[in-house]
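Everything below concerns the one structure shown next.
The values are calculated or read from the model by the stated rules, or taken from the named source; none is laboratory data. Because the structure is a prediction, the values reported are computed rather than measured. For neighbour counting, all protein chains shown are included, and Cβ atoms are generated from backbone atoms with ideal geometry for every residue, glycine included.
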Amino acid sequence: MDLIKIAVLSLSSAAVLFILTKLMGDREMSELSMFDYITSITIGSIAAEMATSLEDDFRRPLLAMVIYGAVCFVISLLTCKSITLRRFFEGHSLIMYQNGKLYNKNMLKAKIDVDEFLAMCRVNGYFDLSEIHTAILESNGKLSILPMAKNKPVTAEDLNLNPEQSFPMSNVIIDGKILKNNLQWAGKNEIWLEKQLSAQGIKDIKEVMLATCDSSDSQLNIYVKLPVVSKNDMFQ
């Protein structure tokens, strides 16, 4: 009975965690601020206690989870409306490097040493500080870099070119199923899709693992399910 109870409570805590995470927003999963990080750890710890507790009353950890989630939700709303509260709970950006100067006090404030800073620069693709004009540590812990003008990638505007605006590719088929809303957004219909599949030799839509459509030039890119497993590993 104890094992069954643990299994039920584990599933229940996972469901509550999922609901609370959705209410608190997608930022909770991708770009955690210090407050989000603390709240996530606390809620996770309570959920683990709820899942493994064999006491009859599981409502205490459940109530604590809901309260933490509600507090985080309310604070998220307040920080959207108040810059002062936003700075207090989420922090603010710090200049780590600018125009050939390292700001050691800001590094100390962020608890980042020179080696860590250089590693973050390398992750962003900069191995030489002379290529960087400004490096800013954002409140989510990521480093934003403004390169020197001479090291910026060349753009079409720099070359006095005027290319046509491209649009996001629409996924119109995934795992053999037509995504009708995406197909409609791309300005196409199922009749057009069937003709395109037939023109590319696709007889059964279930053979298609992914199909994307470019609304600007009506090009359909098809990726079929391969019946064999590739034995070549270029990374080993």
Scanning region 121-145 for residues that are surrounded by 13 or more Cβ atoms within 10 Å (Cβ to Cβ) and of a type in the set (A, V, I, L, M, F, W, C), the one nearest to the chain's Cα centre (by Cα) turns out to be 143
Failed item, numbered, when residue 102 is tested on (1) surrounded by 12 or more Cβ atoms within 10 Å (Cβ to Cβ); (2) outside the structural domain of residue 126 (by TED's automatic domain parsing); (3) modelled with pLDDT of 70 or more: (2)
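Among the residues of region 104-115, is there at least one that is in a helix (DSSP H, G or I), under 29 Å from residue 44 (Cβ atoms) and within 22 Å of the chain's Cα centre (by Cα)? Before the answer, list the steps.
First, the residues of region 104-115 that are in a helix (DSSP H, G or I): 104-110, 114-115.
Next, from what is left, pick out any that are under 29 Å from residue 44 (Cβ atoms): 109-110.
When the remaining residues are screened for being within 22 Å of the chain's Cα centre (by Cα), the result is none.
Checked against the condition, which is being in a helix (DSSP H, G or I), under 29 Å from residue 44 (Cβ atoms) and within 22 Å of the chain's Cα centre (by Cα), region 104-115 yields no hits at all.
If a residue must be among the charged types (D, E, K, R) and without any contact (Cβ under 8 Å) to a residue 12 or more places away in the chain, how many such residues does region 205-223 contain? Give the steps one after another, and end with the answer.
Initial filter on region 205-223 (among the charged types (D, E, K, R)): 206-207, 214, 217.
This time we only want the ones that are without any contact (Cβ under 8 Å) to a residue 12 or more places away in the chain, so: 217.
Result for region 205-223: 1.
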Hey, does region 207-222 have a residue that's in a loop (DSSP other than H, G, I, E, B), surrounded by fewer than 14 Cβ atoms within 10 Å (Cβ to Cβ) and modelled with pLDDT of 90 or more? no
